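Trainee: Structure provided below as structure tokens; questions to follow.
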Amino acid sequence: MTGPHATVFLTGTTPVAPADGKWKTPALQQTAASAQELWFITPFGKPGLITMARLGATVATKGYMPSGRTLSSILSPEGRARMGRLATRYNINPEKLDRMTPWYADVTIALAMRDKEGIAQGSPAERFIIASAHNPPKRAFDNLEDDLKLLITTPETEQVYNLEEAMRRDEDPSLNQRYGEAWAAGDEAWILKEREQHLASHAPETYRILQVEPRKRWADKIAALSKGSKTIVVIVDAGNLTGPNGLPTLLRKQGLQVEGP
């Protein structure tokens with residue numbers, strides 16, 4: 001996407017990029033090398049102490065089930081068994097996990113998985129882009145505190161669904177591997193159907209709160225960036241680029257010329 005004096009590249013990534021590395025194309029490397037700024041959804045890297053303290057305070061007041069109620073009591077039998085296995089795999093205290101709200105358990109397992117799989121410092125594609133760039137400033141559209149507040153507002157029933165889906169994918173690597181293969185092949189139809197439309201169908205409020213509404217804000221910011229004078233690379237999960245609610249569509253609706261899908 002280009003403006004009068006700016007160029008903005010929208011780059012979709014996934015934490016499960018194929019290990020063969022064929023996606024590390026010269027075009028992607030050249031795009032990264034041209035970046036004067038890198039933009040992410042949330043700040044890249046580990047949060048600072050102040051942010052950690054604020055997140056900790058939110059978790060302490062909103063992250064645990066009421067007294068007498070457990071997470072396992074609202075999971076399916078398969079979900080309860082899967083949670084126990086993942087707690088063992090990722091060395092999470094199962095009793096503490098069982099006291100968590102669904103959203104907090106989902107975040108806890110995801111962070112533990114990222115640490116174990118070595119992707120705590122970004123997905124393979126993110127790391128490749130950063131390594132190929134010439135140390136440009138890193139910016140973010142959102143912050144972790146606001147994202148956490150949005151996550152908390154999603155309905156509990158949908159939090160349970162999202163947790164069970166995440167645990168199912170964590171336990172069966174082939175499910176996430178298929179996403180990585182679709183991303184590397186540019187198979188937007190698969191990503192749209194299996195990720196975007198799947199979430200919209202099974203967790204519509206979560207989809208609206210965490211995907212549709214934020215993308216409108218991101219599109220506004222990207223449109224503003226296109227009016228500047230820099231070459232900018234925007235790095236988002238690939239699902240944000242597909243379908244009628246994807247960023248390319250939203251940007252085109254603002255009258256911007258977007259090349260590609």
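Just so it is clear, none of the values below were taken in a lab; they were calculated from the coordinates. Just so you know, these numbers come straight off a predicted model, no measurement behind them. We place every Cβ from the backbone using ideal geometry, glycine too, and count neighbours over all the protein chains shown.
Trainee: Taking neighbour counts of Cβ atoms within 10 Å as a proxy for exposure, in what order, fewest first, do TRP23, TRP39 appear?
Mentor: Neighbour counts put them in this order, fewest first: TRP23, TRP39.
Trainee: What is the magnitude of the charge dipole of the range 185-230 about its Cα centre, with +1 placed on the Cβ of each Lys and Arg, -1 on the Cβ of each Asp and Glu, and no other charges, expressed in debye to the nearest 20?
Mentor: Computed about the Cα centre, the dipole is about 360 debye.
Trainee: Here is a follow-up. Near the amide H of ARG139, under 5 Å away, which other amide H atoms are found, from residues 5 or more places off or on another chain, if H is placed in the peptide plane?
Mentor: The list, which skips near neighbours in sequence, is LEU38, TRP39, PHE40.
Trainee: With viscosity set to 1.567 mPa s and temperature to 4 °C, compute the Stokes-Einstein D of the chain, Rh being the Kirkwood radius across alpha carbon pairs; µm²/s, no decimals.
Mentor: 66
Trainee: What net charge do the residues around LEU97 carry, taking every other residue with its C-beta under 13 Å from that of LEU97, with Lys and Arg at +1 and Asp and Glu at -1?
Mentor: Here the count lands on +3.
Trainee: Another question, if that's okay. Compare the Cα positions of ALA53, PRO77, PRO66 along the charge dipole of the range 7-253 (+1 at Cβ of Lys, Arg; -1 at Cβ of Asp, Glu; about the Cα centre) and return the one farthest towards the positive end.
Mentor: In the range 7-253, that residue is ALA53.
Trainee: Could you work out the Rg to Rh ratio of the range 99-197, with Rh taken as the Kirkwood radius (inverse of the mean 1/r over all Cα pairs)?
Mentor: In the range 99-197, Rg relative to Rh is 0.99.
Trainee: May I ask you to compute the full-extension gain from LYS149 to ALA27, defined as 0.36 nm times their residue separation minus their alpha-carbon distance, rounded to one decimal in nm?
Mentor: The span from LYS149 to ALA27 would gain 40.2 nm if fully extended.
Trainee: Over every pair of different alpha-carbon atoms in the range 146-192, take the mean of 1/r and invert it; report that Kirkwood radius in Å.
Mentor: That comes to 12.4 Å for the range 146-192.
Trainee: Give me the net charge for the shell around PRO155: Cβ to Cβ below 12 angstrom, other residues only, Lys and Arg +1, Asp and Glu -1.
Mentor: That works out to -2.
Trainee: In what order do TRP218, TRP190 fall by count of nearby beta-carbon atoms within 10 Å, going from fewest to most?
Mentor: So the residues, fewest neighbours to most, are TRP190, TRP218.
Trainee: Here's a follow-up. Full extension from ALA131 to ALA200: what is 0.36 nm times the residue separation minus their Cα-Cα distance, to one decimal in nm?
Mentor: Taking 0.36 nm per residue and subtracting the Cα distance, the gain is 21.4 nm.
Trainee: Charges at C-beta only: +1 for Lys and Arg, -1 for Asp and Glu. How large is the resulting dipole of the chain about its Cα centre, in Debye rounded to 20?
Mentor: So the dipole magnitude of the chain works out to roughly 540 debye.
Trainee: Where does the Debye-calculated log10 I(q)/I(0) of the range 40-91 sit at q = 0.24, 0.32 Å⁻¹, using only Cα point scatterers of equal weight, no solvent?
Mentor: The calculated log intensity ratios at q = 0.24, 0.32 Å⁻¹ are -0.94, -1.09.
Trainee: A 18 angstrom limit on the alpha carbon distance is what I want to check against. Which of LYS62/LYS216; LYS24/LYS138; LYS138/LYS230; LYS62/LYS96 exceed it?
Mentor: The pairs that break the limit, which is 18 Å between Cα atoms, are LYS62/LYS216; LYS24/LYS138.
Trainee: Now for a separate question. Can you give the FRET efficiency for ALA81 and THR249, using 1/(1 + (r/R0)^6), R0 = 51 Å, r = Cβ-Cβ distance, to the nearest 0.05?
Mentor: Computed FRET efficiency for ALA81 and THR249 comes out at 0.80.
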